[in-house]
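Data first, discussion second: the structure below is written as structure tokens.
The values are calculated or read from the model by the stated rules, or taken from the named source; none is laboratory data. For clarity, every value in this text was computed on a predicted model and none was experimentally measured. Counting neighbours? That spans all protein chains shown, and the Cβs are built from the backbone with ideal geometry, glycine included. Remember, those area values only see protein heavy atoms, side chains included, never the ligands or the DNA or RNA. Shrake-Rupley method; radii C 1.70, N 1.55, O 1.52, S 1.80 Å.
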Amino acid sequence: MPDVSSTLYWGRDRLVTRLQIKDDELMNQPEMDWQIHQTDLRSRFKQVFIHSHWTDCAFRVGNEETEIIRGHKVVLAASSPVFEALFYGTLAEKKEIIDIPDLEPDTFSLLLKYMYYDSTELDSIEVAGQLLYAARKYMMPHLVRACLDYLLEQTCINTLWQVLAIAEDMHEDELLASCLKVMCQYPGEMWVNNHEHMGLGTLSNLLDQPSTNLLEVELWELMVRWARDQCLRRTLAPSPTNQRALITQAGLLGKIRFLTLTLAELTEMVEPTGLLSQEEMRVLRQTINKSSSPSALPSGFNSTREMRKRFMSISSRCTRHCLTKRKKYTYGGTVMSTVSVDSRILVTGFEVFTRIATSSDYIMGHGCVSHYVENLVVTLSDSEGNVIDKTKVSGVVAFFNVTQEVNLSRPVWFLPQHEYTVTFELSPGQYPLSDLASIAFSKSVCFRFRQCKQCDEINSDLDVSFINSVIFNV
């Protein structure tokens, strides 16, 4: 005889499961007569896509982790000639489920959303790059344009290598030109990354640029790094002979303007690589010294003595709002400020206050004061106290009681959620400290400041600051 209680429990559980399935189905269904409330074609097609009404095609999307995504042949064919041929062409696909292994499900869903919504929202370079590939594959030029516009807008020193990878992989000349523009606007120390590698086409275009803020020796180093990387990729020993052969084969050597180098750069940066023979080095030295004519250069060497033109540097500035007119003063000594940001930026310097004129300045200037000689030291440290950069500033300051720019000896990357301590060792004299906002914004970057003074009162917090602005690139 069966266990009645168990049978009843099983029956009830099955009933509950059926009800749950029915409820889930109902939740996925739109409300009755939903068309009445959609006032335009776009909103109606959006509802059709969301609820998968009347779908007549299916795709298995992805490689390792796949997902079935459904759609409507007529919508896809109206948006893409590739889908038109796939569904209605002479060689139309007969499979019930079409495999698309070269796209991720999220990317393919974005592609379909654009077809149904007639718009797209991009929120990252990675997503834009993947969608650009899909738009190119399915011949959708309007979506290609939207992806390119987003990537061009996002191209900056902070995203350079990410955008460059997309430009090189997909042979997007417009993106590549934008990346080259960023490369040329800044010195190599601002963007060259030893862990990233550019392709031959990019390097060749970069060496062809008549105007750049890259030093010629930096261009040489980029070429040498490319040759070394190519040797490793081709499983060749990275010897000078193999590197020289690759450089010659690529036609790169003739793009370097050796005659614009100094003898010190030639000796310290070029000769140690071993890429040039002793005879080539001898002729270059003589030609740079102008004891030989450029016509004496070895075949294939660049004979121009004209240096590449320079760009005006482009920097952003985050200036803090002055809260009150209240000021305090420090008489030389050491002043510290802690700075943190919420986005990765490249800091090149700070704007700080200049000294206040004293009675001795008026006496020395016979009643007229206009300038003084500044001597200060700026030390930049990370949250663990490690010194990142130390810059000595010495020079004539045109005015008292204003602000001055203090440029670091080299640009420094500030990372999100890290604190950096900026220490100023001031020369004797009276310097103002102002009541400035502790939070400031510029170029969508949030800056946070915390002040302290290190003098007689060690690390005592102050409610005033010496830093008026941060000079940076994004």
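Being open to solvent by less than 80 Å² (accessible area, probe 1.4 Å), touching a Leu at 6+ places or on another chain (Cβ under 6 Å) and not aliphatic (A, V, I, L, M): is that true of Asp389 here?
Values: open to solvent by less than 80 Å² (accessible area, probe 1.4 Å): yes; touching a Leu at 6+ places or on another chain (Cβ under 6 Å): yes; not aliphatic (A, V, I, L, M): yes.
So Asp389 passes the test.
So which of Phe83, Phe87 ends up being over 29 Å from the mean Cα position of the chain (by Cα) and open to solvent by less than 20 Å² (accessible area, probe 1.4 Å)?
Details: Phe87 fails: open to solvent by less than 20 Å² (accessible area, probe 1.4 Å).
Just one listed residue meets the conditions, Phe83.
For the stretch 113-136, does any single residue satisfy the condition of being touching a strand residue (DSSP E or B) at 6+ places or on another chain (Cβ under 6 Å), under 28 Å from His171 (Cβ atoms) and assigned to a helix (DSSP H, G or I)? Please lay out each step first, then the result.
As a first pass, look at the stretch 113-136 and keep what is touching a strand residue (DSSP E or B) at 6+ places or on another chain (Cβ under 6 Å): none.
No, every residue in the stretch 113-136 fails to be touching a strand residue (DSSP E or B) at 6+ places or on another chain (Cβ under 6 Å), under 28 Å from His171 (Cβ atoms) and assigned to a helix (DSSP H, G or I).
If I go through the stretch 55-99 residue by residue, how many of them are over 13 Å from Met139 (Cβ atoms) and in a loop (DSSP other than H, G, I, E, B)? Residues that pass the stated criteria total 16. For the stretch 243-267, the candidate set comprises residues that are free of Cβ contacts under 8 Å to residues at least 12 places away in the same chain and under 25 Å from Leu232 (Cβ atoms); within that set, the residue that is least open to solvent (accessible area, probe 1.4 Å) is Ala245.
Okay, residues lined up against (1) part of a helix (DSSP H, G or I); (2) under 31 Å from the mean Cα position of the chain (by Cα); (3) of a type in the set (A, V, I, L, M, F, W, C):
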| position | (1), (2), (3) |
| --- | --- |
| Ala227 | yes, yes, yes |
| Cys231 | yes, yes, yes |
| Asn242 | yes, no, no |
| Glu265 | yes, yes, no |
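For Glu172, the conditions (1) surrounded by 21 or more Cβ atoms within 10 Å (Cβ to Cβ); (2) of a type outside the set (A, V, I, L, M, F, W, C); (3) within 25 Å of Leu259 (Cβ to Cβ) all hold with the exception of (3). Name the one entry in Leu214, Leu219 that is buried (at least 16 other Cβ atoms within 10 Å of the Cβ), under 21 Å from the mean Cα position of the chain (by Cα) and closer than 17 Å to Leu276 by Cα. Checking each option against the conditions leaves just Leu219. Just one of (1) over 24 Å from Gln185 (Cα atoms); (2) β-branched (Val, Ile, Thr); (3) open to solvent by 40 Å² or more (accessible area, probe 1.4 Å); (4) touching a residue at least 12 places away in the same chain (Cβ under 8 Å) fails for Thr287. It is (3).
I'm trying to understand the selection: among the residues of the stretch 55-78, which are open to solvent by 40 Å² or more (accessible area, probe 1.4 Å) and within 20 Å of Asp106 (Cα to Cα)? Those that are open to solvent by 40 Å² or more (accessible area, probe 1.4 Å) and within 20 Å of Asp106 (Cα to Cα): Thr55, Arg60, Asn63, Glu64, Glu65, Thr66, Glu67, Ile68, Arg70, Lys73. When you look at Gly201, is it surrounded by fewer than 17 Cβ atoms within 10 Å (Cβ to Cβ), farther than 18 Å from Leu297 by Cβ and within 21 Å of the chain's Cα centre (by Cα), yes or no? For Gly201, the condition - surrounded by fewer than 17 Cβ atoms within 10 Å (Cβ to Cβ), farther than 18 Å from Leu297 by Cβ and within 21 Å of the chain's Cα centre (by Cα) - is met.
This table checks each residue for (1) closer than 21 Å to Asn473 by Cβ; (2) within 23 Å of the chain's Cα centre (by Cα); (3) in contact (Cβ under 8 Å) with a residue 40 or more places away in the chain.
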| site | (1), (2), (3) |
| --- | --- |
| Asp382 | yes, yes, no |
| Gly385 | no, no, no |
| Asp389 | yes, yes, no |
| Lys392 | no, no, no |
| Val396 | no, no, no |
| Phe399 | no, no, yes |
| Thr403 | yes, no, yes |
| Arg410 | yes, yes, yes |
| Pro416 | yes, yes, yes |
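Quick one: how many residues across the stretch 94-150 are under 20 Å from Ala165 (Cβ atoms) and among the acidic types (Asp, Glu)? Matching residues across the stretch 94-150 total 6.
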